[in-house]
Structures are given as C-alpha cells and as structure tokens.
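These notes are about the structure you will find just below.
The values are calculated or read from the model by the stated rules, or taken from the named source; none is laboratory data. All values reported here derive from a predicted model rather than from experimental measurement. Cβ coordinates were reconstructed from backbone atoms using ideal geometry, including for glycine residues, and neighbour counts include every protein chain displayed. These area figures cover heavy atoms from the full protein model, side chains too; ligands, DNA and RNA do not enter into them. Shrake-Rupley method; radii C 1.70, N 1.55, O 1.52, S 1.80 Å.
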Amino acid sequence: MQLMILVDDAGGVLPAINHSPWNGLTLADVVMPFFLFIVGVSLGLTYKKLSCKAVATRKAILRTLKLLIIGLFLQGGFLHGLNDLTYGVDMTQIRWMGILQRIAIGYLVGAMCEIWLKGGSHVTSGLSMLRKYQFQWAAVLMLVTIYLSLLYGLHVPDWEYQIPVAASSSTPKIFPVKCGVRGDTGPACNADGMIDRTILGIQHLYRKPIYARTKILIIVNFLPQPCSINSPGYGPLPPDAPSWCQAPFDPEGLLSSVMAIVTCLVGLHYGHIIVHFKEHKDRTLHWMVPSTCFLVLGLVLDLLGMHVNKALYTFSYMCVTAGAAGIVFTGIYLLVDVCGFRWPMLVLEWMGMHALLIFILATSNVLPVVLQGFYWKQPGNNIVIIPFLCLGSLELEDERIAD
C-alpha cells in the first residue's frame, strides 16, 4: 500500500518509478503482482482448517462480488476525478475491468483452488507438500498453457476505432489499424487487446493506455515513431504518430488476468510453507529457492525475446515479479519475525490491515473528490485546491524577491 501511494504521488514527477510505457519494469510495475502475491499468501492461512467447504465457497463468492462492485464504482467511470464535481457513468461505456476486479478474480480462483483442490496427505518435506497440492500446480500449468497458446497462437486481424470530435454533430474520426499477424506482442496487434475488444467491447476499455506516452515503440523507414512528444509523460501526438496511439487498451484485460491468477497461486504456495513448516530456517529455504528460480527464469526469458511486460502480464513478467515478491516477503519475515524489528513496521502493519480502505480513500482519489465538494462560494475555492494555490503564490513571491 505504501508503495502504491508513493508511485501514484511521485510517479508523475519521477518517470523512473512510473509505469513502463510498454516493455520493461519499473517500481510502479511491481505493485499489482505484489498485491496478488500477498492475497495468495493470506488464502493459504485463511483456509488451513475448513469446517465446511460449501460455506467457505459461499463466503468467497460474496467477497468476490463485493470487490467487483467496489471496483466498478471506483474505476468504471462513475467518479469523474479531481476538479470535477460531477458524477455518473454511461452504462454503454462503463469500464468493466480494473485493479480491484483483477484482485477479485485472482482471489476467487485462489480460494476455489485452496478449498477444493487440496489433498489430504501429511506434509513432512517439500516433495510431500508438492504431492499434497499437486492439483493446484496442475491448475497453474493449465493457466500458463492457455495464456501462452492464446497470446502467441491467435491471429489478430486488421481493426479500427473511432474518437468523437469536439463538435457533437460531427462524424467521429475513424482510425484504421493494420495487423493481420499472429504472436505479436506490440501495442497494436496483440491478442490480449483483440480478446478485450471482441468480448468486452472497445467502448468498455481503458481510454488512457500506458503506451500513449511512449517515446519509441516501432521503427518505420529506420525512424522512431513516438506516441507522445512529452515522453515518458502523456502529451500531444507528434505528426507521424502511429494510428493506434489513441486506441483504448485495458491493462487489466481478460487474457492478462489469466496470468495474474498464476501470481496469486504462487503466493498461495508461500502461504502453504508457513502452515506446514515451523522452523525459520526451513521457511526461508523453501521461500528463497523458488523465488530465485522464478527471478532467474523471468530474466532469461526476457533476454530470449519474451519481454517483461506489465500491460500484457507476460509469463516473464509474472516470473520476475513473483520472484521479487518472494524475496521481499522473505526479507520482511527475517527482519520482523526472526530479528524482532516489529515496531518500525507498525505503520506498515496498520496499512496492510486496512488496505482496501486506504485504496478507496487515498489511491482512488475518493477522499480528495469528497473534500472538493466542500467549497467557499465557488467550486475552485476548496480545501484541496487552496493549499496548492497558496504554495504557488509563495513561490511567485520568492521569485519576485529574487529578481
């Protein structure tokens, strides 16, 4: 949660920690998989003893529905953002997917696996633990196979999209995108986007895609084609921008969510280690070995051409971020549980216990939007804007004195 607040507030100022425009990995790109990883860990602890599978299933479904509803409210377009006191969303253009929706999907699949796909054998070693949860690992293998088969096997035909012009009576401008390829992992012609456009509808996708602020994506006639003149920030399109630069694309799409589920199931394995191994040495060993393997595998795959990519949630991206999450998790465990340095982490512990509330109020701008509703005579004179105006006035005064 603290990392999410950091990248949300400082990402615009420090592009190095903001989301990577396409291929690559930044600090902001590890937030989502870290969330999913710890969801999996918590599921391993939550369902270590089940009195009734049917009751546990019903509760898991209800929690999933709650997360989906909250996610639609926060990221479906109902709230119009800062400096806009209006609200409401056209259901023909609502965004169906989002951060909480992805977490809800990962939580539900992870919970179902833990409730129904768990063997009854006793765990005495790492090998016996693999046997106990062999059906869960079979589910992981199936999900990875489905993802890779669809991403690299589906044929992506030419497509088009339209953008309304300023005058409401004018005909929307249509942008054609030429593809006709298979296995492409670029922004325009990947199977992930095609599946979302086909099933969800292009009008229900995220309309400010991350690749809209990239500097160099493809080369035409040996010249780079950028999507933003202010890269790595958002900005106006250059004259030679590709036709797909403004196309909607959902970073929490359907196909990429399949691999996101795998991250949650990997975290579930780390939760199993807590349940079945009581010695610090055993836990550390069983965490660090797979973490290192995941990290090395992901980096090797990236070098071989399967690029680390958050928007597509590629297999290499899953491996690198799952390995990094496992290493960070092990480090915090050694620091807090083994060495006893708990008091410096009390704030982080509180944030973890109230993660959903903090996400709703802070990182989703709900609290600033609510505070902006209380203003003095004019909407611009509100408790959120006034401090920034005062700060700007002080800076102008300092500049005048310096001159």
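Would you check which residues across the range 255-289 are surrounded by fewer than 18 Cβ atoms within 10 Å (Cβ to Cβ) and in a helix (DSSP H, G or I) and list them?
Ile274, Val275, His280, Lys281, Asp282, Thr284, Leu285, Met288, Val289
Answer yes or no as to whether Arg95 is of a type in the set (Lys, Arg), outside any helix (DSSP H, G or I) and either within 22 Å of Ile202 (Cβ to Cβ) or open to solvent by less than 20 Å² (accessible area, probe 1.4 Å) (or both).
For Arg95, the condition - of a type in the set (Lys, Arg), outside any helix (DSSP H, G or I) and either within 22 Å of Ile202 (Cβ to Cβ) or open to solvent by less than 20 Å² (accessible area, probe 1.4 Å) (or both) - is met.
Please work out which residue is modelled with the highest pLDDT, limiting yourself to the range 337-361 and to residues that are touching a helix residue (DSSP H, G or I) at 6+ places or on another chain (Cβ under 6 Å) and more than 20 Å from Ser42 (Cα to Cα).
Looking at the filtered set, the residue picked out is Phe341.
Mind checking which residues of the range 321-359 are open to solvent by 40 Å² or more (accessible area, probe 1.4 Å) and within 18 Å of Leu100 (Cβ to Cβ)?
Gly352, Met353, His354, Leu356, Leu357
Please go through the range 180-190 and pick out each residue that is buried (at least 19 other Cβ atoms within 10 Å of the Cβ) and in contact with a strand residue (DSSP E or B) (Cβ under 6 Å, 6 or more places away or on another chain).
Of everything in the range 180-190, those that are buried (at least 19 other Cβ atoms within 10 Å of the Cβ) and in contact with a strand residue (DSSP E or B) (Cβ under 6 Å, 6 or more places away or on another chain) turn out to be Ala188, Cys189.
In this structure, does Gly267 turn out to be at positive phi and not hydroxyl-bearing (Ser, Thr, Tyr)?
no
I'd like the residue in the range 98-114 that is among the aliphatic types (A, V, I, L, M) and crowded, with 20+ Cβ neighbours inside 10 Å and, out of all such residues, is farthest from the chain's Cα centre (by Cα).
Ala111
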